[in-house]
Structure formats: C-alpha cells, structure tokens
Amino acid sequence: MAAALPADSLAQLFTEARTHRAWSDRPVSDETLRALYDLTKWGPTAANCCPLRLVFVRSPAEKAKLTELVSRGNRASVSTSPVTALLGIDLEFYEHFDLLAPGSNAKSWYDTTNERAISDAALQSGSLQGGYLILAARALGLDCGPMGGFDAVGINAAFFAGTPYRINFICNLGYADASQVRPRQPRFSFEQAAKIV
C-alpha cells in the first residue's frame, strides 16, 4: 500500500497551488513538456481510451494566432505565458483500442452512428486527463492557468484542422509572477458539497 504524500507535496499539488495569470519570462523546455505528457498519460480513463490530444503553443507566431482566438480578458495571460497547452479530445478515440486495450472488445462498445455518446465519452475522459495534466505540471514545478473563454471553432480550424480533434480547454503553463496572484477564493466545506451514505 502506498504511503500518503507528505504535507509539502500536498501543498504543492493542492492547498498552496493557485491559478495564475501573470508569468515570468523563464522558458519551459521541450524536456519538461515531454515529462509533463509522460506523467499525464498514466492517469485512468474509460477503457483506457486516452482521448486527450495536446498542442503546446510556444512560438511567437503561433502565440499571436492563438491570442486572437481568446477572449479579451484572457489575451494578456495567453500572450505572456511561456506555453499555452491546447487540450483537445479525439472524437475517433475508439479507433485506437487495438493499441490501448489489446485483446478487448472495447471498440464494439461505441456505435459510431451515436455521435453524442462518443462525444460524451471523449469529453469525460479527456477532461479527466486535463486534470491529470494540471497535477502533473504542478508536480514538475510548473504553474498553471487553465481557462475557458475562447473561440472554439477558430481554435479547431487553426490548430486541429484535418483531424478528428476538438478543443476542450486551454491551460497556460510556466513559472508564475507570484506577486500578481489574486487572493484565494473560498471553497465549499465537506458538509456543503458531500455526504457519506
């Protein structure tokens, strides 16, 4: 049985971690992005479907293109972060079960005429993987700024054209300017949000 993580690790992942919008100019290396994916990929998904598809936007030209596709309130954060991850979902994830679930009949579970069921399954597991990515990034010492507020049609056309991938959400990654962090907002108590039955 695994031991509980020490308090400082829990703080880094959860209690002291924040959503960031202001960034230092310290770059994020290719090696760090690869390590980030290599941690993220191990989180569980339905039947190991692994629908997450990532584009790490880092070059100035691609950042400029992306910045035009996010809401005005998000543009400064996107344009100044070292990397913005586009977290997409593969709507043809079921085509990869020979690799991801060999020997199973998982592909037969998905009626390809039922686009809603496929989209729901991709979104559920892809969102789980997005959460894993945030925790993996924090474990590697990166700060995160996940966000909505973007032109999904525009991002799909600009970054996922010619693929069955669709944007789920975006997440700025880098090393934050902690002096610009906003005060932490409240959370519900256990009694307000949960029960044991």
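The values are calculated or read from the model by the stated rules, or taken from the named source; none is laboratory data. Since this is a predicted model, take the numbers as computed values, not measurements. Note that each Cβ is placed from the backbone with ideal geometry, even for glycine, and that neighbours are counted across all protein chains shown.
Some values worked out for this structure:
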quantity: Single match in L54, L36 (criterion: in contact (Cβ under 8 Å) with a residue 24 or more places away in the chain, closer than 20 Å to L128 by Cα, in contact with a Leu (Cβ under 7 Å, 6 or more places away or on another chain) and assigned to a helix (DSSP H, G or I)); calculated: L36
quantity: Whichever residue in the range 69-111 is outside any helix (DSSP H, G or I) and loosely packed, with under 13 Cβ neighbours inside 10 Å and, among such residues, is modelled with the lowest pLDDT; calculated: D111
quantity: Search result, residues across the range 57-95 that are free of Cβ contacts under 8 Å to residues at least 40 places away in the same chain and closer than 25 Å to Q124 by Cβ; calculated: E95
quantity: Which numbered condition A152 fails, given (1) within 22 Å of P82 (Cβ to Cβ); (2) within 16 Å of the chain's Cα centre (by Cα); (3) aliphatic (A, V, I, L, M); calculated: (1)
quantity: Of all residues making up the range 33-51, the number that are surrounded by 17 or more Cβ atoms within 10 Å (Cβ to Cβ) and either among the aromatic types (F, W, Y) or under 17 Å from A139 (Cβ atoms) (or both); calculated: 4
quantity: Failed condition for A47, given (1) within 30 Å of E95 (Cβ to Cβ); (2) among the small types (G, A, S); (3) within 16 Å of the chain's Cα centre (by Cα); calculated: (3)
quantity: Complete set of residues in the range 123-158 that are touching a Lys or Arg at 6+ places or on another chain (Cβ under 8 Å) and hydrophobic (A, V, I, L, M, F, W, C); calculated: C144, A152, A158
quantity: First in the range 139-151 and closer than 19 Å to D38 by Cα, second anywhere and of a type in the set (V, I, T), Cβ under 6 Å, 6 or more apart; calculated: C144/I134
quantity: Only listed residue being among the small types (G, A, S), in a helix (DSSP H, G or I), under 23 Å from R58 (Cβ atoms) and at pLDDT 95 or above, chosen from A157, A121; calculated: A157
quantity: Residue match in the range 58-65 (condition: closer than 17 Å to C171 by Cα, aliphatic (A, V, I, L, M), under 16 Å from the mean Cα position of the chain (by Cα) and assigned to a helix (DSSP H, G or I)); calculated: no
quantity: S127 being under 10 Å from the mean Cα position of the chain (by Cα), surrounded by fewer than 18 Cβ atoms within 10 Å (Cβ to Cβ) and under 25 Å from W23 (Cα atoms); calculated: yes
